[in-house]
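Inspection log for the structure reproduced underneath, given as structure tokens.
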Amino acid sequence: MKRGMVRALAKTSSVFGITLLYGNINKRRHSNLLIIYYHRIVPSLSSVSLNSCQRLTGELVSVNSFEKQIRYVAERYEIVTLESLLAVLQNKEKGSHLAVITFDDAYREVYSNAFPVLKQYGLPATVFCPGEVVTDGDGFCPIWLDKLFYILDHACIDKFNLPDDSCEYRLGNRLQKRETLLLLIKYLRSFTKAERNSFLCMLAEQLDVKLSNKIFQNYYLTVDQIREMQKEGISFGSHTMSHPDLGQIPKDEVEREIIQSKMRLEKITEKQCEFFAYPFGEPCVISNFSMEVLRQNGFIGAVTTVDGINHPGDNPYNIKRVLAPGQDFQLFTFRCTGLSASLKSLFGKVQSCHHQQLSD
């Protein structure tokens, strides 16, 4: 590092300043390909209970925060379509600092709260849709995570046990509820679709919560909304049919989830569905088999939830993304530089070395 940069770093006392400096260094060294992802964009975080599962997952972003984040990225990157970014990723075209905006799970707030901002700035984006939530009529089925959130948020008791499980699950305060939520998500990820539905019905009955698909009818994008957004430059990709953990279901189910979701989206948009987002998107979810199924069925790229910046030559079926936090703008800028991912990687290597030393 040059002396001038060292002096600048020494003078920078705030995290925000360090973030900006790292970002400037990184931009000089690499062609950065940034993908940001969101879930729900709400009018205001204050309108959502701190104790709700939506707040506990940390995936809610207010409209004001969303607009501020988009402006920040637009000042530093050229915001493009996924197709344009992929062309640079595969070295088919040249480009230096490109960014893509994405949304997972096809929540209706994307239409009502994010879409107006995107139109105002004339920006493209991609929404990844689970096929079952954008299916009209009797085929409609909400994401199982949303069912779980609803049950826990409307529970009439604050502690419970599960059959054949000695653990007591508590909902009495935010810490207890978050721990219960994360344990149940991990538990249900290993289930088949039928097993999950059966479990959630049992849990709803045990916690005295009335559960039906009608509750979720206004949760997700409609076919008409998808088509309207598409006319304004918004693209749509697959997010499986029922949002399973692809790393824990049989291979024939992996194929069904991928192929049927592609067919469903193409029927709605009347366009080729070429991009995919892995549900959960962690390394343990992404296998050579699922990548091969994607290739064979016409997908040209797939995004993960692995934190980081992409560069030309990276695997197009293992694209990293940056999660936008709800309120912390400094954390957002920190993640957008790639420094967050670099520190995680470094910390992981340090831990690995430490464990190796202990075992020697």
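Each reported figure results from applying straightforward, stated rules to the coordinates on display, with no laboratory input. This is a predicted model, so every value here is computed, not measured. FYI the Cβ positions are ideal-geometry reconstructions off the backbone, even for glycines, and counts take in every protein chain you see.
Quick notes on this structure:
- Applied to the range 253-261, the Karplus parametrisation 6.51 cos²θ - 1.76 cosθ + 1.60 on θ = phi - 60° returns per-residue 3J(HN,Hα) values of 6, 4, 4, 4, 4, 6, 5, 5, 5 Hz, with x for Gly and Pro.
- Ranked MET291, MET229, criterion: other C-beta atoms within 10 Å, fewest first: MET291, MET229
- A cut-off under 13 angstrom between Cβ atoms defines the neighbours of ASP224, and their net charge, with Lys, Arg +1 and Asp, Glu -1, is +1.
- Label-to-label distance, ASN197 versus LEU50, with points set 7 angstrom from Cα along the beta-carbon direction: 3.9 nm.
- Taking the centroid of alpha carbons for each part, the range 301-335 and the range 203-272 are 22 Å apart.
- Radius of gyration, Dmax [the range 144-213; alpha carbons; angstrom]: 11.2, 31
- Amide H contacts for LEU323 (H built 1.01 Å from N in the peptide plane; partners 5 or more residues away or on another chain; cut-off under 5 Å): TYR37.
- In Hz, Karplus ³J(HN,Hα) per residue of the range 48-61 (6.51, -1.76, 1.60; θ = phi - 60°; x = Gly, Pro): 10, 4, 4, 8, 6, 4, 4, 6, 5, 7, x, 10, 8, 10
- Based on DSSP H segments of at least four residues, each scored -39500 (n - 2.57), the chain has a per-residue ellipticity at 222 nm of -14000 deg cm²/dmol.
- Overall dimensions of the range 65-133 by Cα: Rg and Dmax, Å: 13.2, 38
- The simple spin-label model puts a point 7 Å past each Cα toward its Cβ; for LYS210 and LYS68 those points are separated by 4.1 nm.
- Residue order, fewest to most surrounding Cβ atoms within 10 angstrom, among LYS262, LYS186: LYS186, LYS262
- Placing a pseudo-label 7 Å from each Cα along the Cα-to-Cβ vector at GLN120 and ASP165 gives an inter-label distance of 4.3 nm.
- Dimensionless Rg/Rh of the chain - Kirkwood Rh, Rg from C-alpha atoms: 0.97
- Distances between placed amide hydrogens fall under 5 Å for ALA302 paired with PHE276, TYR317, ASN318, ILE319, all partners being 5 or more residues away or on another chain.
- Placing R0 at 41 angstrom, the Cβ-Cβ distance between ARG108 and LEU343 gives a FRET efficiency of 0.70 after rounding to 0.05.
- Exposed GluC sites (Glu not before Pro) absent: longest stretch of the chain, with sites in DSSP loops and at most 16 other Cβ within 10 Å deemed exposed: 94-231
- Given charges at beta-carbon only (K, R positive; D, E negative), |dipole| of the range 144-213 in Debye: 280 debye
- Pairs exceeding 25 Å between alpha-carbon atoms, taken from LYS94/LYS231; LYS68/LYS271; LYS186/LYS251: LYS94/LYS231; LYS68/LYS271.
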